[in-house]
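A.B. asks: This is the structure I want to talk about, given as structure tokens.
The values are calculated or read from the model by the stated rules, or taken from the named source; none is laboratory data. Keep in mind that what you see is a predicted model, and the values were worked out from it rather than measured. Using ideal geometry, Cβ is built from the backbone for each residue, glycine included, and neighbour counts are taken over all protein chains shown. Please note that ligands, DNA and RNA were not included when accessible areas were found on the heavy atoms of the full protein model with its side chains. Shrake-Rupley method; radii C 1.70, N 1.55, O 1.52, S 1.80 Å.
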Amino acid sequence: FRTESVLLGAVGGILGLGLAWAGVRLLVAFGPVNLPRLSEVRIDPVVVIFTAVLSLIAALAFGAIPLLRLAPMTATLHDSGRGQTATRGQHRARHVLMTAQVALALVLLVASGLMVRSVQQLRNVDLGFEPASTLAFGVALPGRVYDTRERAASAHREILDRLNALPGVISASASSALPLTGGNYGNGLVVENELDNPQQLRRQFAWFRAVAGNYLETVGIRPIRGRTITQSDVDRREPVVVVDEALAAMYFPGQDPVGKRVRSAAPANPKFPTPRWLEIVGLVSNTPIGALTPPPLPQMYMPMSIAGGPDIPAQALIGPDIIPMNYVVRTTLDPAALVSAARAAVESVDANLAIAQVRTLQEMVDRAGDQMSFTMVLLGIAASVALLLGAIGIYGVVSYVAAQRTGEIGLRLALGAEPSGVEAMILRESVGVTMIGVGLGLAVALAGGRLIEALLYNVSPRDPVVIGVVTLLLTTIALVACWLPARRAARLNPLDALRS
């Protein structure tokens, strides 16, 4: 027994290592680029040794089970004389095995199905901007050369003029932070005429964006009311801002924010003047800040010429520093084909400048959803393996039970039993066990759904569509796995079955 088990365990371990090696190669190749140390994932000697030891232990342990269950000779002869069926303990062990396989497969399939639904929902999420055909890159001005806000704003304006003049460019602009790149500056806001309003204490934070002219149009952020920040606003240093829906809901619930005035909430400090009042001239759609899934956070767009700079201390709390800016270029061409021309345009303003973090807005959106897609792939692989092993296990157990009952089946057929009746008898027992496994798996999936709730987006961990489809799929596969050996057993020749 043990020799056969060790041989089977060794073969299984080798095959498993081969499949794991191929699977890891695929996962590393198609995994998210922002997953830390993904390139270091590999099948190393430690994994090989662990697999070999685990295969050996499993082979010895399962190989010892038949030896431990060997009954005395007299009991064996006595049982064999009573009939051709297995003992009650043997039936129970096989039924437990089938139940566990079905339950595990269903749990993994539900988790995988929920992730698939989440990815579908994520792809349909309203971004609030249009990422197609837009190149993005960063430019950081050297502070020792561009040592004032005016010089920095002038350099950015000159770079934008060169970019807008490139063939195929629809528009070019810049911002202190782009969607999905996080927030580089945030502070509280004070609403004019509400300084004594107790509600003001609960509305303390917003993300500030310093932008060049026509930034909102270039990125494709949808206007809702009022107007946007124009190049004229930047050139004349107009004290105007545009806010998004999240900020309007937080600071002006049930009101029209256009025409209201706000300023950065800075504590009294004799070294710095109080930030000036800024008039809200427009309302735009929400855009994601650091990820696609969290609730929208309040954002405010201000002309870069009235934001922070190298000569303005951060303690002044006016706005983000415009020394580093993120450029966006919307084009009728392939954005990747515009990189060389964009680099040359920046260098034509200052040969010491370089562009960094070159990508398209669409790539940024795709990467933001990579983590969830990767998790979906991992769960999908686990669920597929569990489903395959479950189907094979059910088929194998039912086939073995049917083979063990060959003499009994032959006797029933010889005494006049119909093949359909024999088939139904085997199916009833197998299907009953399968349904117990399905019920147990459903209970575990429903109870443990909260464990993956943080990974889901806009999908309930008890989504009835997913649970219904998965249950139907697994039940169908399990029934087929039960029916095939039952059908084969029912077609036995009674004489051949009795001779066995």
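A.B. asks: Could you please tell me which pairs satisfy a Cβ distance under 9 Å, a separation of 6+ or placement on different chains, a first residue in region 8-33 that is under 18 Å from V385 (Cβ atoms), and a second residue that is basic (K, R)?
C.D. replies: Qualifying pairs under 9 Å: W21/R42; V24/R42; R25/R42.
A.B. asks: Restricted to region 457-493, and to residues that are part of a loop (DSSP other than H, G, I, E, B), of a type outside the set (S, T, Y) and crowded, with 16+ Cβ neighbours inside 10 Å, which residue is modelled with the lowest pLDDT?
C.D. replies: Top of the filtered list is L492.
A.B. asks: Looking at region 316-340, I want the residues that are among the charged types (D, E, K, R) and have a partner that is assigned to a helix (DSSP H, G or I) and open to solvent by less than 30 Å² (accessible area, probe 1.4 Å) with Cβ atoms under 6 Å, at least 6 apart or on another chain. Which pairs are those?
C.D. replies: Listed pairs, sorted by first residue: R330/T218.
A.B. asks: Only one residue in S340, S285, S264 is in contact with a Lys or Arg (Cβ under 7 Å, 6 or more places away or on another chain) and polar (S, T, N, Q), so which one is that?
C.D. replies: Exactly one of S340, S285, S264 is in contact with a Lys or Arg (Cβ under 7 Å, 6 or more places away or on another chain) and polar (S, T, N, Q), namely S285.
A.B. asks: Examine region 348-367 for a residue that is polar (S, T, N, Q) and free of Cβ contacts under 8 Å to residues at least 12 places away in the same chain, and state whether such a residue exists. Write out each step before concluding.
C.D. replies: Step one: filter region 348-367 for residues polar (S, T, N, Q), giving 348, 352, 357, 360, 362.
From what is left, the residues that are free of Cβ contacts under 8 Å to residues at least 12 places away in the same chain are none.
The answer is no; no qualifying residue exists.
A.B. asks: I'm checking my understanding of the structure. Among residues of region 313-345 that are farther than 22 Å from P179 by Cβ and modelled with pLDDT of 95 or more, which one is least open to solvent (accessible area, probe 1.4 Å)?
C.D. replies: A345
A.B. asks: Further question on the same structure: Test I381 against the stated conditions and say whether it is of a type in the set (A, V, I, L, M, F, W, C), assigned to a helix (DSSP H, G or I) and surrounded by fewer than 22 Cβ atoms within 10 Å (Cβ to Cβ).
C.D. replies: yes
A.B. asks: Run P310 past the list (1) open to solvent by less than 40 Å² (accessible area, probe 1.4 Å); (2) within 22 Å of A140 (Cβ to Cβ); (3) of a type outside the set (A, V, I, L, M, F, W, C); (4) touching a Gly at 6+ places or on another chain (Cβ under 6 Å) and report the number of the one that doesn't hold.
C.D. replies: (1)
A.B. asks: Consider region 151-183. How many of its residues are among the hydrophobic types (A, V, I, L, M, F, W, C), open to solvent by 10 Å² or more (accessible area, probe 1.4 Å) and at pLDDT 95 or above?
C.D. replies: We begin by selecting, within region 151-183, every residue among the hydrophobic types (A, V, I, L, M, F, W, C); these are 152-153, 155, 159-160, 163, 165-166, 169-170, 172, 174, 177-178, 180.
With the extra rule that they be open to solvent by 10 Å² or more (accessible area, probe 1.4 Å), the set shrinks to 153, 165-166, 169-170, 180.
From the residues that got through so far, the ones that are at pLDDT 95 or above too are 153, 165-166, 169-170.
Looking only at that region, the number is 5.
A.B. asks: Please work out which residue is most open to solvent (accessible area, probe 1.4 Å), limiting yourself to region 409-424 and to residues that are farther than 9 Å from A490 by Cβ and either aliphatic (A, V, I, L, M) or touching a Leu at 6+ places or on another chain (Cβ under 7 Å) (or both).
C.D. replies: Pass one, region 409-424, residues farther than 9 Å from A490 by Cβ: 410-412, 414-417.
Adding the requirement that they be either aliphatic (A, V, I, L, M) or touching a Leu at 6+ places or on another chain (Cβ under 7 Å) (or both) leaves 410-411, 414-415, 417.
On the way: G410: 0, L411: 92, A414: 58, L415: 143, A417: 39 Å².
Once the filter is applied, the top-ranked residue is L415.
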